Structure formats: C-alpha cells, structure tokens
Amino acid sequence: MTPLLTAVALDGAGFHPAAWRERSVGVQDLFAPERIVSLTLRAETAGVDLVTLADSLGPAGSGPGEVTARLDALAVLARAAPVTERIGLVPTVTTTHTEPFHLQAAVATLDWVSAGRAGWQIQVSDTELEAQHIGRRTAADPSVLWAEATEVAEVSRLLWDSWEDDAEIRDLATGRFIDRDRLHYTDYVGSTFSVKGPSIVPRPPQGHPVTFVALTGPESLPTVAAAADVVLIDETDLDAAVAALATVGDAVRRRGRDTEQVRALIAVSVLLENDPGTARTRRERLDARSRRRTPLDHVGTVDSLLPLIERLAETGFDGVLLRPAVLDTDLPTITDDLLPRLRDSGLAGPNTPGPLTLRDRLGLPRPANHFATEHFAADHFAADRPAELRRGA
Amino acid sequence: MARKQLHLAAHFPGVNNTTVWSDPRSRSQIEFSSFRDLARTAEEGTFDFFFLAEGLRLREVHGQIHDLDVVGRPESITVLTALAAVTTHLGLAATVNATFNEPYELARRFASLDHLSGGRAAWNVVTSSDAFTGENFRRGGFLDHADRYTRASEFVSAARTLWDSWTDDDLIADRRSGRFAAEGAGRFSHRGQHFDIAGEFTVPRSPQGHPVVIQAGDSADGRDFAAAQADVIFTRHGTLEAGQAFYADVKSRLAAHGRTPDSLKIMPGVSVVVGDTDAEAEEKAAHIRSQQVSGATAIATAELLWGIDLSDRDPDGPLPLQDPVVGSGVVRGRVGFTDPVATVAQWREAAESHGWSLRQTVIAQQNRQSFIGSADTIARQLDSYVQADAADGYILVPHLTPGGLDDFVAKVVPLLRERGVFRSEYTGRTLRDHLQLPTPQGAASGAA
C-alpha cells in the first residue's frame, strides 16, 4: 500500500468558527507573519506533506462573531516558503475575477520561491458581494464559473509550458539569452478571455504546480475531472465520502485520464484530547459560542481517530486533509501524537529529511511540456497524455 | 542647517541591456537565491528599499521575441513576500500595472504584503494602454492614452479608500463578548468615473496604513498624478541640471494638493561604477558599456530609434542614412525614444565628429545618469547633488545579478555614513519610517 498522505489546513484560528475565542490563541497576532511561519514549520518538522490555506474575495467568516478577515493566501504561503524546504504549500486561488495571466504567474512564482513546492486550489467566486467588490461582472451561476475555471486551469498549464525548460541558453557566440524557438505563444481563446502568451515567468520547477480542486457539488465535477491532480472531498459521513470518490473516479476516466494520476484527499476536522470526555467538553464550549455545519469530524482521542483514518485509506483515499478545530491546541496533537502513531502503524511513510518537491510528495511525475513534445519524442509522451491535449489528435 | 539625508534603493537588474547576463559572475534572473542575495546586500547597506520592475508581455522585434537581453522574470509581489522572510527592515517595492488589475484585488495584495513584511510594502503604479500588452488580458488595450492617468489616479484613490476601511482599532478580538471586528469594519464604497465598487474589505489595517506609493511617469499628467498621489518619484532626470529643474517643478506642484515638499521623495534611477581610482572606474565603465552593447544590441537599439528593419547593417559600419520612421511598430513592448528625429540628428553629429561606428555611437549614448569614480568621488557627488536639490536620493540600477551592488555597499556606503548624510543603522521599522513620510490618517471607524 502506498503511504497515506497527510495535509493540514492552517486557516484562521482553526476550523471551528469559535476557535479564536479559546485562551490558547493569540488573537492579536492572527495576521502576524510569525504565526504562519511557526505553524508551517511545526507541520513540516513533523512530516506533514502539505498545508492548505483557504481564500476568497469576500469575508472569511459570517458576521462579527467570527474571524472575517484574512490575508491573500498565496502571499501568506510565499512568506513561509523561504523558511521551509520540504512541505507543500497550497493556497486557494479564485479564478472568477482576476486575470488568468496574473494568476498563473503568481502560482508559478510560488513554485520558484519554494523550489517546487507550490500547489493551488482552484475556487470560484459566485457571490454578489464578491462581484460588487470588483465591479465588472454580476454574480454568475456556479456551473458557468466552474466551466471558466476549467479554462483558467487549461490556459495556466499552457502558459507554464510556454517556456521550454531549456529555453534560457545564454549563448555568448550569438549574443542570445534565450532560444526563442523554445518559447511558445499560447494563442488561447476561452469563452470569456483570451491569452496570447508566452508567460513572463519561465517554466516553474515542477513544470506544472499541482492543481487541487474541491468537489463542492456537481458544478465542480467537470473541473475535477479535467484539471485536478488532487481532488478534495468534503462530506459529512463516510458512506457519502466513498460515493463521492466513486463519482470522481468515473468522471476522471470518462475524461480520458488515468485515475492513478489523481490523488484524492478526504477532509476531516479534528478536535483531539487525551480522553473523550475532555474532548466533548471542549467541543461543547466551542459550539455554545458558534455552531455551523462541520463536515466529517472527529471529536475524541488520537486512539479513536486512527481506525477512522485506516478505514478511509482502505476505501481508496490517498490521504487526509486534517482541519484542526483550534490550530494552537490541535495542531500540536496532530504533529506530536497522531503523525508518529500513523507512522508506527505503517500507514504513513517515513519522515526523512532533505528537500522535496510537492510532486515528489504526491508521487506525481513532472509533466512533459505540451509544446516541447512536438519536436522531440512525441510518441514517447503521447501515451500518458489525455487525448484532447495530444497535438494533432 | 542639518544636511539633507540621502535615500537609497536597489533596482533588481531587469530585462533591458543594462543587465549584463554574459558576465561569468552573472547568476540566475529567476531563482529566488538571486533576489535574496541582492536584497541582503541592500539591507546590509541600510538601503531604504528594494525595487522590482514589471513586464506583462515579452518584447518583440520584427514580430519575434527579443532574445538579446534578459527575458522573463517572476511575479513581483510573490517574490517580495518571500523576501520578507529573509530580510528584516528593507522596503519592498513592486511595480504593478493599474490598467490590467482592479482596486480590490490589488489593494488586498499590497495590504497583505504590508502585513507579512511588518510594514515594508511599496507599490510603483504604472499604466499601459497598448493593445500589444492587452493581448494577454481579458480587456485588451482598452484605454485611451489620455485616460491612463485619470484611471490610475482614481485607482489609487479607490485603493486608499479600501486601506482606510479598517481603522487601527477595528480589530477588537474580544474573547468574552465574542466580537471579532468593530461594527462596519472593512465596509467601503467608491463610485467614480472608472470604478463603481462597494462591499467589505477583508484585510485589517496594515502596519503602514497605506503602502508607500511610487510613480515613474514623466509627462505633465504624470507629474500632476505624482504630486497628488505619490510618496516617491522614480525619475530618469539624474544629471545635476535636469535633476534640479525636475525637482523644483515637481515639488512646486505639491502645495496645490495641500502637501509639504518633504512628503514626496524624488529618486532618479542611476548606475554606479566604483573603482580604486577615478581612472580605473572609467576603464571599468567602458568595459561594462561594451558588454552592454554587443553588435546585435547596437542594431536592435538603432531599430528602436529608426523604427525600421536594420538587421542587415554592419554594427561596426556607419549610421543608417535613412530618416527615422515614427511609430512603425517594428519594436513592440518597450519604451521607445520620445523624439526619434532629434535623437538621430544628435547621433549623426556625434558619430561624424568622433568618427564613430554605429556600435560606438550606441555605446556612447547613455540614457541614464552614471556616477563613475573612486568611492570617494561617488560619495561626494551623490551627496552634493542631493544637497543641491537635484534629488532626495537614488535608485541604483546595477548591471550584475546579484553582485552588482557589492562594491557600492562595501566602499561608498561607509563614506556616505562618515559624511553624516546616510543612516548607519535602521532607526525605524517601516518603509515610511525610512523615507520619513507622514503616517496616513485613517478614516473614521466604519465609514462607508
């Protein structure tokens, strides 16, 4: 069995809306860079594969009782990049209002500053509030926005490929810095935008930073099928999660892609204590202050969480996205107790030191270049590319 | 009277031929380590800020991507946010085009950079209206030239509205009452000719209140925009006389906007070549110039000026005999010469009187002021220019990545400190502190 992947969400004060009211949380420092750096470092040291950070162009929470503010997620993880060396960094990036050219450049740059550890979770902005913030479009139907998001993912891959890896030649004899035959126009025409190309950013270390898409309903399923390297599944119970996984598998296959090249993570929110009673008491305290739907969650001990994770792995999930109810309390339990136990039980792989790319972590190959395949070994790569991306197919 | 203090900034080597990529010491233009190393050198020299330019379309000559100079760069705000992790005081300035962005998303990114750097963010506002760059964007080249500054000015005003939408006290985070933010925190609305936006800004007030705003245009409109909106001007006017005229002109425009002369810092972009002696520095400078202008680069520069295909010319032969063609579009995606006819006449005169070839003529043309000499000569000149109100300081544009400022920081900075005109250590925390800029006044809590 391949080792289980572990991811941790580092949002706000924690996944529970009332997390910020716990004594353990330094609320005034919630937006200080030192906080995100120390959380990311703690996760990296413990061997967590990647961290995620949600984002949108609207408020993070609902109402004055929640943490409504947040910083740009990609920027926050860029701040953590130079002080870490092996943990994947996956911010949410919204595709509805921002120019695709800017988005792909920022994601490629996160990959450069992290030496190949960038991912991006594609998300759409479907609220009227977000539309008013930008003032260019009215809020659209999610299925329309997800179709556009698929195009943004597609043009991003083309722009990342618009520089071949060896385009920079610094040829003293001819005075040429680049070989312009190894740069390519994307000439992409989508339904709501077009991009001439090439990108301003050379091809990032991973070739393509890793694309995450959450299965948020039928609207995002086509994007999952077409573009996701990693799909995030978020369900309230195990049966629904297993059904969602099957749905994703079918959609990916129908799209002509190999399910072996797509990783599936299941989100589990966790509140961990040494005994079940203490866990319940803490949960009740939090719920008394704010109660919102929480997806598949575990309130209890590490002992009782292990069998759940084992079940999830057996049913075909490649890993778990853990959402600590209160980051300052539950992340240390994850890093200090849960991860060593997962490793001892043989579920998680060893925590070896040294730099790693996110693709290494996920066991995903560095993708071939869409444009470069044209003039070398086209057949060699054709086999593992979806038919619709094959040149001349 | 106390002597004026200098301000210094480091420009990361860019994509024009100032940057010598062919030198064996030249390292990557894209790897993070290059940015880190140059930024650390600048911080060791207690510089005010580190500056990144922007390009949104690779440059073309004859419809092909220009390949003689550096091509490509990372996205600025992301690089600067990462640099915040490996520096502690240095200001971090990103050039970002206002034309292809919207106020909400950009104000949010700069406010985030300001938080993540502890108050060191700066935005160099540039505008574009060309359809060539626009081909990479949804809206294409959609602005008339005349609208560029009105939109940019309204853009900055809208961004300031967003930055003011949280007061310093709006982040309450009171555990007992359960109130995280003050009523109305982040609420904003801006209705103008170019933007009609309203809602809730999600980034709490950042350490500087408003990131520092830099402006780099030079037209009358550009100067007025700077007088109204900018904290720093990045200008080409680096010589003593041109600098003094520009300085007097721009500073005189401030009163009309209710601003004091010291609230806008004027910083020409210049190059510096330090030698052990003045003579040695001149030799080094001549060598750098010949590295910057290869035969192919001489032809490319001439094509930019003449606006015609000169690819079959011999760079070591005479200047082309034709008249320049204005607005031919042979070269796209870079700033051209403002008056090609006059410049060609000037070049011809210089070439004839010195017996220069095309390449020698191009080598002799410097569109940027250079300070060349021993460390002592350079320190004296920089100081005297600033005391003579030709500038408030300088943005240094090195020719090498990342070692291009090593000599300056090791040799010239100590002399500036000795002269008492440049800080020996950072006394403030934010870029506004370094630049001695006033703190922006926030709006009233919950203003909509």
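List of remarks:
- Residue identified as open to solvent by less than 10 Å² (accessible area, probe 1.4 Å), more than 10 Å from chain B (Cβ to nearest Cβ) and closer than 30 Å to A:G316 by Cα among A:T45, A:T95: A:T95
- Yes/no for A:V93 being within 15 Å of the chain's Cα centre (by Cα) and part of a strand (DSSP E or B): yes
- Among residues of region A:325-351 being in contact (Cβ under 8 Å) with a residue 12 or more places away in the chain and charged (D, E, K, R), the one that is least open to solvent (accessible area, probe 1.4 Å) is A:D330.
- All conditions but one from (1) more than 22 Å from the chain's Cα centre (by Cα); (2) without any contact (Cβ under 8 Å) to a residue 60 or more places away in the chain apply to A:D165; the one that does not is (2).
- For region B:76-100, taking the residues that are facing chain A (nearest Cβ under 7 Å) and open to solvent by 10 Å² or more (accessible area, probe 1.4 Å), the one that is nearest to A:F193 (Cα to Cα) is identified as B:A85.
- Filtering region A:172-215 to residues that are open to solvent by 10 Å² or more (accessible area, probe 1.4 Å), touching a residue at least 40 places away in the same chain (Cβ under 8 Å), of a type in the set (S, T, N, Q) and more than 8 Å from chain B (Cβ to nearest Cβ) leaves only A:S191.
- Residues located in region A:139-168, provided they are within 9 Å of chain B (Cβ to nearest Cβ) and either open to solvent by 20 Å² or more (accessible area, probe 1.4 Å) or closer than 19 Å to A:V224 by Cα (or both): A:E168
- Test: residue in region B:307-327 that is on the phi > 0 side of the Ramachandran plot and either out of contact with any Leu (no Cβ under 9 Å at 6 or more places or on another chain) or in the same structural domain as B:L416 (by TED's automatic domain parsing) (or both): yes
- Residues of region B:310-324 that turn out to be open to solvent by less than 70 Å² (accessible area, probe 1.4 Å) and over 25 Å from B:V71 (Cα atoms), as a count: 4
- Among residues of region B:407-442 being in contact with a helix residue (DSSP H, G or I) (Cβ under 6 Å, 6 or more places away or on another chain) and charged (D, E, K, R), the one that is farthest from B:L80 (Cα to Cα) is B:R419.
- Note on region B:53-75: residues that are open to solvent by 10 Å² or more (accessible area, probe 1.4 Å) and more than 7 Å from chain A (Cβ to nearest Cβ) total 8.
- Count - residues of region A:82-92 that are surrounded by 24 or more Cβ atoms within 10 Å (Cβ to Cβ) and touching a helix residue (DSSP H, G or I) at 6+ places or on another chain (Cβ under 7 Å): 4
- The single condition among (1) modelled with pLDDT under 95; (2) more than 9 Å from chain B (Cβ to nearest Cβ); (3) out of contact with any Ser or Thr (no Cβ under 8 Å at 6 or more places or on another chain) that A:G135 does not meet is (2).
- Count of residues meeting criterion [more than 16 Å from B:V397 (Cβ to Cβ) and either among the basic types (K, R) or not in a strand (DSSP E or B) (or both)] in region B:366-384: 8
- Evaluated against (1) modelled with pLDDT under 95; (2) over 15 Å from A:I169 (Cα atoms), B:S33 falls short on exactly one condition, (1).
- From the list A:G65, A:G12, A:G26, the lone residue that is more than 30 Å from A:E128 (Cα to Cα) and touching a Lys or Arg at 6+ places or on another chain (Cβ under 8 Å) is A:G26.
- Answer from A:S38, A:S24 - the residue that is part of a loop (DSSP other than H, G, I, E, B) and within 14 Å of chain B (Cβ to nearest Cβ): A:S24
- Matching residues, region B:32-59, being under 22 Å from B:Q292 (Cα atoms) and either in contact with a Gly (Cβ under 6 Å, 6 or more places away or on another chain) or assigned to a loop (DSSP other than H, G, I, E, B) (or both): B:A53, B:E54, B:G55, B:L58, B:R59
- Subset of region B:155-172 (residues that are in contact with a Gly (Cβ under 8 Å, 6 or more places away or on another chain) and within 15 Å of B:A226 (Cβ to Cβ)): B:S157
- In region B:13-52, the residues that are among the aromatic types (F, W, Y) and open to solvent by 10 Å² or more (accessible area, probe 1.4 Å): B:W21, B:F32
- Within region B:108-132, the set of residues being within 10 Å of chain A (Cβ to nearest Cβ) and buried (at least 21 other Cβ atoms within 10 Å of the Cβ) comprises B:R108, B:R109, B:F110, B:A111, B:S112, B:L113, B:D114, B:H115, B:L116, B:S117.
- Residue list for region B:147-201, filter: open to solvent by 30 Å² or more (accessible area, probe 1.4 Å), touching a residue at least 60 places away in the same chain (Cβ under 8 Å) and at the interface with chain A (Cβ under 10 Å from one of its Cβ atoms): B:E183, B:S189
- Meets criteria (touching a Leu at 6+ places or on another chain (Cβ under 7 Å), at pLDDT 95 or above, within 12 Å of chain A (Cβ to nearest Cβ) and part of a loop (DSSP other than H, G, I, E, B)) for B:S26: yes
- Residue among B:A228, B:A248, B:A242 that is surrounded by fewer than 20 Cβ atoms within 10 Å (Cβ to Cβ) and either in contact with an Asp or Glu (Cβ under 6 Å, 6 or more places away or on another chain) or within 30 Å of A:G135 (Cα to Cα) (or both): B:A228
- Selection count where residues are more than 14 Å from chain A (Cβ to nearest Cβ), touching a helix residue (DSSP H, G or I) at 6+ places or on another chain (Cβ under 6 Å) and either among the β-branched types (V, I, T) or open to solvent by less than 20 Å² (accessible area, probe 1.4 Å) (or both), scope region B:275-301: 1
- B:V272 vs. criteria without any contact (Cβ under 8 Å) to a residue 24 or more places away in the chain, open to solvent by 30 Å² or more (accessible area, probe 1.4 Å) and either touching a strand residue (DSSP E or B) at 6+ places or on another chain (Cβ under 7 Å) or farther than 30 Å from B:I214 by Cβ (or both): no
- Scanning region A:128-138 for residues that are surrounded by fewer than 17 Cβ atoms within 10 Å (Cβ to Cβ) and acidic (D, E) yields a count of 1.
- Boolean, A:L322 is modelled with pLDDT under 95 and either crowded, with 23+ Cβ neighbours inside 10 Å or part of a loop (DSSP other than H, G, I, E, B) (or both): no
The values are calculated or read from the model by the stated rules, or taken from the named source; none is laboratory data. As the structure is a prediction and not an experimental result, all values here were calculated from the model. Neighbour counts are summed over all protein chains in view; Cβ atoms, including those assigned to glycine, are modelled from backbone coordinates with ideal geometry. Just the protein is used for accessible areas: all its heavy atoms, side chains included, with ligands, DNA and RNA removed. Shrake-Rupley method; radii C 1.70, N 1.55, O 1.52, S 1.80 Å.
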